[in-house]
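Report on one structure; see the data block that follows.
Read-outs: derived from the displayed coordinates by stated rules, not from any lab. Because the structure is predicted, anything quoted here is derived from the model rather than measured. Glycine gets a Cβ as well: all are built from the backbone with ideal geometry, and neighbour counts include every protein chain shown.
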Amino acid sequence: MATSRQRERGRIAAAPHLSGCGCSRQEAAMKVGIVGAGMVGSAAGYALALTGHASHVVLVDRNAALAQAQAEDIAHAVPFASACVVEAGDYPALAGAGVVILAAGVAQQPGETRLELLGRNAEVFAEVVAAVRSAAPDAILLIASNPVDVMTQAATRMSGLPPGRVIGSGTILDTARFRSLLARHLGIAPQSVHALVLGEHGDSEVLAWSTARAGSVPIGAFADQMGRPLTEAARAAIDEGVRRAAYRIIAGKGATWYGIGAGLARIVRAIAADQRDVLTVSMLTPEVLGVRDVALSLPRVVGAAGVLADLHPELTAEESEGLAASARLLKDSATSLGF
């Protein structure tokens, strides 16, 4: 007869390999590919491995040695987190992936214009998208390469996929920055702040102050009740903090990667578990304030099939004007590339 210790060992051996992070079995079943093993791609892989939002991560890069080194380094973190296979490979290794993150691209050269950089990145994307579609035809494409909105529009055209299955990380990071700075000012947890950044992931983005809430209370009223009013100076400082965050970080260490890596993992989680979360992500949109066929960020419902619905928040006249201007800027950039 088995002892209680033997019975306990049997139960442990039979337990599914799921982490204690609150992840569902459906989440743990997701295979995720990442094309581009630089700082953003590797940070996304690291976040996915630690959070348990993927059971299998494959890193692909034209620099095979870099992809192998990043995969091995991330794999060494897995024993401290949830069960996840992390490996490097070529495009055929992406077969069966539910999501493929595109974090590949070229760096801007001295004296190179933004449009020239856009053109070179579009050339890279044409090759990458074709290879990914061949290896993983059923995968949702998650675009992380900058300028992310234009690259999302380009990838949608190149892939032939429905727009809802080509998702750009968009302003998910800008939204996180906005919530973080508001929370710091109010002295509360960022998770209790609901605020959105819309439009371009870039200088023309729109902070939707009029829709911001904390605990269902309009943000201005909440701030007053907490004795921490949002004066014009406080709002200006937060606005500047959101808009200039990337520039400050780049000045200090050359690039941003942790925040966007976590943001990409958050989008994957919504897809893998069919959570139907409302996230500010970019997608080719039929019409935004009179601008047709443009990729930019709006709050959208994200689930297993990709983007399930677009939401159009009620904005002030000034915010609407800003969003329309952002849409026109992005449309012009995409049109210049033939997208």
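Being under 23 Å from Asp274 (Cα atoms) and touching a strand residue (DSSP E or B) at 6+ places or on another chain (Cβ under 6 Å) is the filter; apply it to the stretch 50-65 and report the residue that is surrounded by the most Cβ atoms within 10 Å (Cβ to Cβ).
It comes out as Ala54.
Looking only at the stretch 285-306, filter to residues that are among the small types (Gly, Ala, Ser) and in contact (Cβ under 8 Å) with a residue 60 or more places away in the chain; which one of those is surrounded by the fewest Cβ atoms within 10 Å (Cβ to Cβ)?
So the first thing to find is which residues in the stretch 285-306 are among the small types (Gly, Ala, Ser), and the list is 290, 295, 297, 303-306.
Next, from what is left, pick out any that are in contact (Cβ under 8 Å) with a residue 60 or more places away in the chain: 295, 297, 305-306.
On the way: Ala295: 32, Ser297: 31, Ala305: 13, Gly306: 23.
Residue satisfying both the conditions and the ranking: Ala305.
Report, by residue number, each residue of the stretch 224-259 that is within 19 Å of Val197 (Cβ to Cβ) and among the charged types (D, E, K, R).
Matches in the stretch 224-259: Arg235, Asp239, Glu240, Arg243, Arg244, Arg248.
Out of all the residues in the stretch 120-142, which are within 16 Å of Leu330 (Cα to Cα) and touching a residue at least 60 places away in the same chain (Cβ under 8 Å)?
Ala122
With the stretch 24-100 as the region, which strands (runs of 3 or more DSSP E) entirely inside it contain at least 3 residues that are under 22 Å from the mean Cα position of the chain (by Cα) and over 17 Å from Ala139 (Cα atoms)? Steps first, answer last, please.
Numbers: elements: 31-35, 56-60, 85-88.
Once the strands (runs of 3 or more DSSP E) in the stretch 24-100 are filtered for at least 3 residues that are under 22 Å from the mean Cα position of the chain (by Cα) and over 17 Å from Ala139 (Cα atoms), what remains is 85-88.
What residue, of Val106, Val78, Val86, is within 13 Å of Ala37 (Cβ to Cβ) and of a type in the set (Val, Ile, Thr)?
Val86
With the structure loaded, tell me whether Asp293 is over 12 Å from the mean Cα position of the chain (by Cα), acidic (Asp, Glu) and more than 23 Å from Met158 (Cα to Cα) or whether it fails that test.
In short, no.
Quick test of your reading of the structure: Asp203 fulfils all but one of (1) acidic (Asp, Glu); (2) in contact (Cβ under 8 Å) with a residue 40 or more places away in the chain; (3) assigned to a helix (DSSP H, G or I). Name the failing condition by number.
Looking at each condition in turn, Asp203 falls short on (3).
Check off (1) closer than 15 Å to Leu279 by Cα; (2) in contact with a strand residue (DSSP E or B) (Cβ under 7 Å, 6 or more places away or on another chain); (3) assigned to a helix (DSSP H, G or I); (4) in contact (Cβ under 8 Å) with a residue 24 or more places away in the chain for Val242 and give me the number that stays unchecked.
For Val242, the failing item is (1).
Does Ala97 meet the test of being closer than 24 Å to Leu279 by Cα and either crowded, with 18+ Cβ neighbours inside 10 Å or of a type in the set (A, V, I, L, M) (or both)?
For Ala97, the condition - closer than 24 Å to Leu279 by Cα and either crowded, with 18+ Cβ neighbours inside 10 Å or of a type in the set (A, V, I, L, M) (or both) - is met.
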